[in-house]
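J.: Input: one structure, supplied below.
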Amino acid sequence: LLIAGVRTDRSTLTDERTVDPRLSGAWVTPIGITLTAAWGIYHQVPDPLYFDDSLSTGAPLESMRARQRIVGAQVGGGAQMLRIEAYDKQYDDLAQRTRDYDVVSGGTGRVRGVDVFAKGRGPLGTTGRVAYSAVSSRRTDPDARVVTRSAFDITHTMTAVAERTILGGLRASLACRFATGRPFTPVGSAAYDDRQQVYVPSYAAPMSERLPDFRRLDFSTSYFRQITPGLQSVVFVSLMNMLDRTNAQRYRYSADYSRRYLVPSLFERSVYFGGTITWLKENR
């Protein structure tokens with residue numbers, strides 16, 4: 001199967017017309033493996049707010065462009081399946097916001113990565129699924145104007161879920177989540193400004209540090225019951241972050257920037273519970 005197409009748009013904000021050709025294909029091999037591939041060019045107009053004269057640095061904003069190439073393979077389907085995709089995306093003419101909230105144009109970037117998804121049956125009557133991503137993301141830093149790691153450079157992400165039906169409509173699941181800490185630009189030093197009477201920070205190399213890795217273990221259980229032929233109910237209980245791990249949201253600094261403190265995520269150990277009752281009207 002081969003599909004080709006083209007899309008064209010014109011924006012009054014950028015005063016330009018864009019043309020985006022795209023091509024995708026899929027082939028089922030004799031041994032049952034499905035191979036896929038896609039290529040295309042995509043344009044997106046920057047946020048209309050960015051065209052405000054009070055935010056612009058003077059350079060005209062163009063439609064942001066992405067060139068994408070994706071290849072993949074899948075074996076199996078339904079309850080048991082393995083899918084792998086690799087991609088390469090290149091960005092040009094990015095509109096970005098600086099720390100002072102100015103808008104700068106002409107940013108570039110590139111993302112390369114691999115996504116893996118698998119699901120199937122496990123031991124002791126369990127079913128499970130695993131999703132894993134590895135990515136390298138680089139982008140122009142809007143303040144330093146150099147290409148470095150982007151804020152989206154979460155190099156490794158994994159979610160593993162195991163589920164089991166215990167008795168009748170009672171079902172339990174355990175989910176483990178992991179992600180590499182996201183990059184950020186740290187403060188290198190600070191100097192006191194007598195006129196403003198505040199410390200003014202000087203930043204280190206852009207995106208040169210990372211937050212601690214993210215880890216979380218969740219448990220949930222649900223019970224389904226068919227009360228009558230037309231009435232059914234579901235109740236559930238979930239324990240989020242059951243090990244009560246402190247994950248980092250960001251860092252904050254003291255007034256003179258000599259010390260920094262970790263700001264924890266809002267997702268502390270929490271219990272959620274609830275239920276629904278559904279009435280299915282019988283068709284006559």
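J.: Under 6 Å by Cβ, and 6 or more places apart or on different chains, what pairs join a residue from the stretch 243-255 that is closer than 14 Å to LEU266 by Cα with one that is assigned to a loop (DSSP other than H, G, I, E, B) and open to solvent by less than 50 Å² (accessible area, probe 1.4 Å)?
T.: ASN247/SER265; ALA248/LEU211; GLN249/SER265
J.: Kindly indicate which of ARG97, ARG145, ARG139, ARG121 is of a type in the set (Lys, Arg), under 29 Å from GLN249 (Cα atoms) and in contact with a Ser or Thr (Cβ under 9 Å, 6 or more places away or on another chain).
T.: Working: ARG97 fails: in contact with a Ser or Thr (Cβ under 9 Å, 6 or more places away or on another chain); ARG145 fails: in contact with a Ser or Thr (Cβ under 9 Å, 6 or more places away or on another chain); ARG121 fails: under 29 Å from GLN249 (Cα atoms).
The match here is ARG139.
J.: Could you tell me whether ILE31 is more than 27 Å from the chain's Cα centre (by Cα) and β-branched (Val, Ile, Thr)?
T.: Working: more than 27 Å from the chain's Cα centre (by Cα): yes; β-branched (Val, Ile, Thr): yes.
When the stated conditions are applied, ILE31 passes them.
J.: Could you grab me the full set of residues in the stretch 200-235 that are outside any strand (DSSP E or B) and over 30 Å from PRO142 (Cβ atoms)? Write out each step before concluding.
T.: Quick first cut of the stretch 200-235, residues outside any strand (DSSP E or B) only: 204-208, 211-213, 229-230.
Those that are outside any strand (DSSP E or B) and over 30 Å from PRO142 (Cβ atoms): PRO229, GLY230.
Let's see how each residue does on (1) farther than 24 Å from MET240 by Cα; (2) open to solvent by less than 30 Å² (accessible area, probe 1.4 Å); (3) acidic (Asp, Glu):
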{"site": "ARG65", "(1), (2), (3)": "yes, no, no"}
{"site": "ALA73", "(1), (2), (3)": "yes, no, no"}
{"site": "ILE84", "(1), (2), (3)": "yes, no, no"}
{"site": "THR98", "(1), (2), (3)": "yes, yes, no"}
{"site": "ALA118", "(1), (2), (3)": "no, no, no"}
{"site": "THR126", "(1), (2), (3)": "no, no, no"}
{"site": "ASP153", "(1), (2), (3)": "yes, yes, yes"}
{"site": "ARG171", "(1), (2), (3)": "no, no, no"}
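J.: Let me ask another. Only strands (runs of 3 or more DSSP E) wholly contained in the stretch 70-184 count here; list those with 2 or more residues that are farther than 28 Å from GLY40 by Cβ and not acidic (Asp, Glu).
T.: Details: elements: 80-97, 103-121, 127-140, 147-149, 156-167, 170-179.
Passing ranges, in order: 103-121, 127-140, 156-167, 170-179.
J.: Continuing with this model, one more query. Please go through the stretch 10-25 and pick out each residue that is touching a Gly at 6+ places or on another chain (Cβ under 9 Å) and hydrophobic (A, V, I, L, M, F, W, C). Even if it seems obvious, please write down each step before you answer.
T.: Taking the stretch 10-25 as the starting set, the residues that turn out to be touching a Gly at 6+ places or on another chain (Cβ under 9 Å) are 20-24.
Passing the criteria: only LEU23.
J.: Could you look through the stretch 200-221, keep only residues that are in contact with a strand residue (DSSP E or B) (Cβ under 7 Å, 6 or more places away or on another chain) and of a type in the set (Ser, Thr, Tyr), and pick out the one that is surrounded by the most Cβ atoms within 10 Å (Cβ to Cβ)?
T.: SER220
J.: With aromatic (Phe, Trp, Tyr) and within 23 Å of the chain's Cα centre (by Cα) as the only criterion, which of PHE219, PHE236, PHE273 stands out? Quick ask: steps written out before the conclusion?
T.: Values: PHE236 fails: within 23 Å of the chain's Cα centre (by Cα); PHE273 fails: within 23 Å of the chain's Cα centre (by Cα).
Matching residue, one of PHE219, PHE236, PHE273: PHE219.
J.: Kindly indicate whether any position in the stretch 187-199 is surrounded by fewer than 17 Cβ atoms within 10 Å (Cβ to Cβ), outside any loop (DSSP other than H, G, I, E, B) and in contact with a Lys or Arg (Cβ under 9 Å, 6 or more places away or on another chain). Walk me through it before giving the result.
T.: Taking the stretch 187-199 and keeping what is surrounded by fewer than 17 Cβ atoms within 10 Å (Cβ to Cβ), we get 187-189, 191-198.
Then drop every residue that is not outside any loop (DSSP other than H, G, I, E, B), which leaves 187-189, 191-193, 198.
Checking which are in contact with a Lys or Arg (Cβ under 9 Å, 6 or more places away or on another chain) leaves us with 187.
Within the stretch 187-199, one or more residues are surrounded by fewer than 17 Cβ atoms within 10 Å (Cβ to Cβ), outside any loop (DSSP other than H, G, I, E, B) and in contact with a Lys or Arg (Cβ under 9 Å, 6 or more places away or on another chain).
J.: Being hydroxyl-bearing (Ser, Thr, Tyr), over 30 Å from SER202 (Cβ atoms) and surrounded by fewer than 12 Cβ atoms within 10 Å (Cβ to Cβ) is the filter here, so list the residues in the stretch 255-282 that pass it. Break it down stepwise before answering.
T.: Initial filter on the stretch 255-282 (hydroxyl-bearing (Ser, Thr, Tyr)): 257-258, 261, 265, 270, 272, 276, 278.
From the residues that got through so far, the ones that are over 30 Å from SER202 (Cβ atoms) too are 270, 272, 276, 278.
Correct list: TYR272, THR276, THR278.
The values are calculated or read from the model by the stated rules, or taken from the named source; none is laboratory data. From a predicted model like this one, the values you see are computed outputs, not experimental measurements. FYI the Cβ positions are ideal-geometry reconstructions off the backbone, even for glycines, and counts take in every protein chain you see. The protein model used for the area step is the full one, side chains on, heavy atoms only, and it has no ligands, DNA or RNA in it. Shrake-Rupley method; radii C 1.70, N 1.55, O 1.52, S 1.80 Å.
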